[in-house]
Amino acid sequence: MANTTTPQKPINIAVLTVSDTRTVETDKSGAKLIERLQEAGHSLAQHAIVKDDIYQVRAAVSQWIADSNVHAVLVTGGTGFTARDTTPDALLPLFDQVIEGFGELFRTLSYAEIGTSTIQSRTVAGVANRTVIFSMPGSTGACRTAWDGIIKQQLDSSHRPCNFVEMVTFNSSAHHPS
């Protein structure tokens, strides 16, 4: 529920696509997330595509966690069960806190769209150095479901009773250590 008397506070969001095959031209999921975050009034801090490799994913996200100009990170891809799907394994050690309900809520929303296939998503979310990080499957539909059903509201400063914006922007100059 949004409070219409409080204006939206824009934040800077980085988008990471995890894929062995996608390019800037073929990255529909990353493009969908960028479109959605900009429509919501936020700024794209950075966009990158990395191979489905635990260390490349971890390195890209770690760089953004350390960047005081990045408040949130959206990661698409690599959440399945194949040997190359390592996004949750890359992200979990980086989190100071896990956002326990994100995966459960995503799978609940996704179940209405794809049925029991939703159990094959190991999507995770967490907070690291006051940067909120959401991962989601690599399909455009999954990105739409995650953004529209969960992330948009949680990155909306007017959403009540709570959202993540105040936490990631509170005392922005001290947001990240130098």
Next on the checklist: Between Ser135, Ser157, Ser110, Ser117, which is assigned to a loop (DSSP other than H, G, I, E, B) and among the small types (Gly, Ala, Ser)?
Outcome noted: Ser157
Next on the checklist: Report every pair of residues separated by at least 6 positions or lying on different chains whose Cβ atoms are under 9 Å apart, first residue within region 106-117 and hydrophobic (A, V, I, L, M, F, W, C), second surrounded by fewer than 13 Cβ atoms within 10 Å (Cβ to Cβ) and at pLDDT 95 or above.
Outcome noted: Leu109/Asp148
Item to check | Among (1) in contact with a strand residue (DSSP E or B) (Cβ under 8 Å, 6 or more places away or on another chain); (2) closer than 19 Å to Phe170 by Cα; (3) of a type outside the set (Gly, Ala, Ser) - the single one Gln8 does not satisfy | outcome: (1)
Checklist entry - Can we say Ala40 is in contact with a helix residue (DSSP H, G or I) (Cβ under 6 Å, 6 or more places away or on another chain), in contact (Cβ under 8 Å) with a residue 60 or more places away in the chain and over 18 Å from Val57 (Cα atoms)? => result yes
Checklist entry - How many residues are in a helix (DSSP H, G or I) and at pLDDT 95 or above if we restrict to region 89-100? => result 6
Checklist outcome for this item: Counting only residues that are of a type in the set (A, V, I, L, M, F, W, C) and out of contact with any helix residue (DSSP H, G or I) (no Cβ under 6 Å at 6 or more places or on another chain), region 12-37 contains a total of 4
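The values are calculated or read from the model by the stated rules, or taken from the named source; none is laboratory data. Bear in mind that the values here come from a model prediction, so they are computed numbers and not experimental data. All Cβ positions, even for glycine, are placed from backbone atoms using ideal geometry, and neighbour counts span all protein chains on display.
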